[in-house]
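Presented below is the structure to which this report refers.
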Amino acid sequence: MKIKTLILTSFGKFKDRVIEVDDGFNLVYGENEAGKSTVQHFIEGMLFGFYKPYRKKRTYSEDFERFKPWGSDTYCGAMVMEQDDGREIRIERDFLKKQDGVKIYDNVTGEDITALYPYDNVTRQNLPLGDLKVNSVVYNNTVNIKQMASASDADLAKEVNDRLIELGTAQKEEVSLNRVMGYLENKKKSIGNYGQSKSNYGMAVRELKDLERALDEGERVYNVIQKNQKRIQQYKKKIEAAQSKCRNQSEKTQAKTREELKNMREKVRQIKSEGEALSSRLAELEKYGDFDTRTYGRLKILQSNLEGAEERIKTLSREIETLEGKCRDITGRCNRIKRSLKGLSRNEVQMDYQKYQYALENPSVIEREQEHIEVQVSTLNRVSNGMLILLMVLGAILVLVTAINPGNFLAGAVLVFVNFLGWFLGLGGAALMIYKMKSPGGLEPETAEDGQEEYDEVPLTAVEAILQKYGKNTREEYEAFVDKAEEIFNRLDKLTMDENVFLTQVENKKKELEEVTHNQISFEMELSEELEKAGVENIEAYNEGCQYKNELEKVRAELAANKRLYDELGGGNMIKVDLDAGEDDNPVIMVAPDGEKIRAREALLAFNQEVSRLQGENSMLISSVSNPVETREKIETLKNQISEYEEDLRACDMALEIFGRLSKETHYDSAPVLNDKIGDVLYSITRKYKEVKIDDKLQVKVVSPENGDLLDIEKLSGGTIDQIYFALRFGVGNMLEFDKSLPFVLDDPFVQYDLARKTEAVRFLWNISKGQQVLLFTCSGDEKRILDHNEFCYSGIIL
């Protein structure tokens, strides 16, 4: 597949710009801010749009806003491409939200062939590269290399494993291990785990524990209620027996003793007084009516979460301070190294060393230049001598003319001026001649110095000049300095990379700190709202209020029992009863162990008081706990739900283990081929490293050609690392069997390369351009000079 024409109707800084692209090698040149990256992103946008990959719904990437035209209501473009079968298609895309879409036409007939291409349900658009099974992740990590983005995205490893598994199976349909494992991971995340209190699993476990505690408490309370109920039934039987005996006795006699009626009236008054005291206490406790133990438990959880967040904030702050200290230390070391280099750059040292080597290999050039300078100096001396003699002769002539003044043709003022000019020229020329004769070599020192300056400007710099520039007396000292400088530059690169790692860690810690701080504020607000709603200042005060709430329920029960007893005993009427009644209707119903006779009315009063007390206690107990039967049903439901969660988690873990093993096995089978492909590319551009080892995460290690050791790429120079990632991208694309179908698009990929590396890289790209279209964007003239020097054919495009 080849790009033929780019039509930037309204995109970024471009308006109605048409760019024609040829087959083979296309060198696109533009100064900084000329729009090279814009054109590269335009190609990407025409193929995929600006959407984030792996989303369940359409989500726009940051590039959507980045390349939106300024001051324009349109955001669109078109691109003409030639497919591998020779068919030319025209892709038209509108990028604006709510009207974004893509249309694909046959560029010869104008027929709309959009429906022939695969459809994406997320973006709700057809995919121009759908038949190649290439998404934006694979594209941006293989054939499309953006500026300062040589390293590959982590998602590329998953895509590569998917494609390798698909290529290794006999099935025709797509096998997306990446999506399957992503679905399993998302399912595990939605379930959560035992320790995550806010996850489904964690909340179910926590609720189960709460219900089990509530069940234990409910069963204990209901056992007490059952015992109280049995005692109530016993007292009711005693009450019926006493009432029956009283009725029988009342039929025999109506006489009552005055003293016992008086005592009864006093007891009723006492009950009334107790009721009034209970009512007063109830009024004092009514403000605690909304307090409950469940809210108190929730407040305790909020307090615990708040304390945990505060502790985590302290830990993160210490970690951030430590990391920032490391960054400051590295920055200081880098600055000291830079000061020790006195403004020298790696490129300057390397270029001077190349000139130094060239000067050593071509000494004859220096000798010829020196002879040339000596000839120029001799010529200047002869010319200067002639000029001085001419000045003296001219001055003598003018003086002679003024002395003779034939015919008095010169007026007085003119005569004086000409005479003065003659003496000035004559004496000045003579003085300069004497000074030149007394100076060693005449005018040669200045002339020689000027010649040396001119010589310094020629491409070949003398060895002595380079040694003088770096303050070295011998070649051995200079060469040792170059080796030491290379070591220092490598150490500086390593420190810079370490600093970037620490800065990334600081950024991640700060994001976590921001999230934890947000949670802390949320916990504080929720806790404050609950306490403010309850009208208390802290959790301890709320707990005290819950104690008063229990007392309130107890007082309500006692007051209800007091009122029932007061009403059952006749209340105010009993106080007014006639005290002349006899005692025969209040017979003795039992005799205490000490011989005291217990009469019916006193027993009834005591029995009713106890029944009321027990009934009030039961009412309070029932309101304080949930029904054990209902609690058992909820516990059973939660246990079944937790079992389902645990079974799903085990199934997900088992499937992930199987798929992970499958991914590793597939990579292990394909690794030798991938290693060879990437090694071949790497050797063609480095001429040094040939053997590489790549794991299933696409982490690269190179084999040292000197001793066979495995080297982490972090230990190599920045330019070598870029070369390795360059080879990785090309090798992966070749491995996935679509690299020949797509153009190779690169935006200033060689900024860290020295001239030798850049030459090999351009040579490599030119070789692959014989079978694959290449678009190389650059703001440097190095690539053009390399192409011209090697007489490579290419097409030039200027933005």
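Observations, loosely collected:
- Identification of helices (runs of 4 or more DSSP H) wholly contained in region 714-799 with 1 or more residues that are outside the structural domain of Glu486 (by TED's automatic domain parsing), basic (Lys, Arg) and at pLDDT 85 or above yields 755-768, 782-789.
- Only residues that are of a type outside the set (A, V, I, L, M, F, W, C), modelled with pLDDT under 85 and not in a helix (DSSP H, G or I) were counted across region 538-579, and they come to 4.
- Reported count of residues in region 84-140, each being in contact with a Phe, Trp or Tyr (Cβ under 8 Å, 6 or more places away or on another chain), small (Gly, Ala, Ser) and surrounded by fewer than 18 Cβ atoms within 10 Å (Cβ to Cβ), is 1.
- Unique match (being surrounded by 12 or more Cβ atoms within 10 Å (Cβ to Cβ), part of a helix (DSSP H, G or I) and either assigned by TED's automatic domain parsing to the domain that holds Asn618 or modelled with pLDDT of 75 or more (or both)) among Gln233, Gln226, Gln270, Gln249: Gln249
- Sub-8 Å Cβ pairs linking a first residue in region 777-792 that is of a type in the set (Asp, Glu) to a second residue that is surrounded by fewer than 17 Cβ atoms within 10 Å (Cβ to Cβ) and assigned to a helix (DSSP H, G or I), at least 6 apart or interchain, are Asp782/Leu755, ordered by first then second residue.
- In summary, Glu31 fulfils each of the numbered conditions (1) closer than 21 Å to Asp748 by Cα; (2) touching a Leu at 6+ places or on another chain (Cβ under 7 Å); (3) assigned to a loop (DSSP other than H, G, I, E, B) with the single exception of condition (2).
- Checked against (1) surrounded by 12 or more Cβ atoms within 10 Å (Cβ to Cβ); (2) of a type in the set (Asp, Glu); (3) closer than 30 Å to Ala277 by Cβ, Glu512 passes all but condition (3).
- Residue identified as modelled with pLDDT of 75 or more and surrounded by 14 or more Cβ atoms within 10 Å (Cβ to Cβ) among Gly442, Gly471, Gly428, Gly451: Gly428
Okay, residues lined up against (1) free of Cβ contacts under 8 Å to residues at least 12 places away in the same chain; (2) on the phi < 0 side of the Ramachandran plot; (3) hydrophobic (A, V, I, L, M, F, W, C); (4) in contact with a strand residue (DSSP E or B) (Cβ under 8 Å, 6 or more places away or on another chain):
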residue: Ser61; (1), (2), (3), (4): yes, yes, no, yes
residue: Phe67; (1), (2), (3), (4): no, yes, yes, yes
residue: Phe95; (1), (2), (3), (4): no, yes, yes, yes
residue: Glu111; (1), (2), (3), (4): yes, yes, no, yes
residue: Asp131; (1), (2), (3), (4): no, yes, no, no
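- Checklist (1) farther than 30 Å from Arg564 by Cα; (2) over 21 Å from the mean Cα position of the chain (by Cα) applied to Glu324, failing item: (2)
- With respect to the stated conditions, Ile685 is within 13 Å of Tyr725 (Cα to Cα) and either at pLDDT 75 or above or more than 33 Å from the chain's Cα centre (by Cα) (or both).
- One residue stands out in region 89-118 among those that are modelled with pLDDT under 95 and of a type in the set (Ser, Thr, Tyr): the one that is nearest to the chain's Cα centre (by Cα), namely Tyr117.
- Any hit, region 34-47, residues being surrounded by 20 or more Cβ atoms within 10 Å (Cβ to Cβ), under 24 Å from Gly130 (Cα atoms), of a type in the set (Gly, Ala, Ser) and touching a residue at least 40 places away in the same chain (Cβ under 8 Å): yes
- Residues that are assigned to a loop (DSSP other than H, G, I, E, B) and closer than 16 Å to Leu742 by Cα, drawn from region 67-98: Gln83, Asp84, Asp85, Gly86, Arg87
The values are calculated or read from the model by the stated rules, or taken from the named source; none is laboratory data. No experiment lies behind these values; they were computed from the predicted model shown. Reconstructed Cβ throughout: ideal geometry from the backbone, glycine too, with neighbour counts over all protein chains shown.
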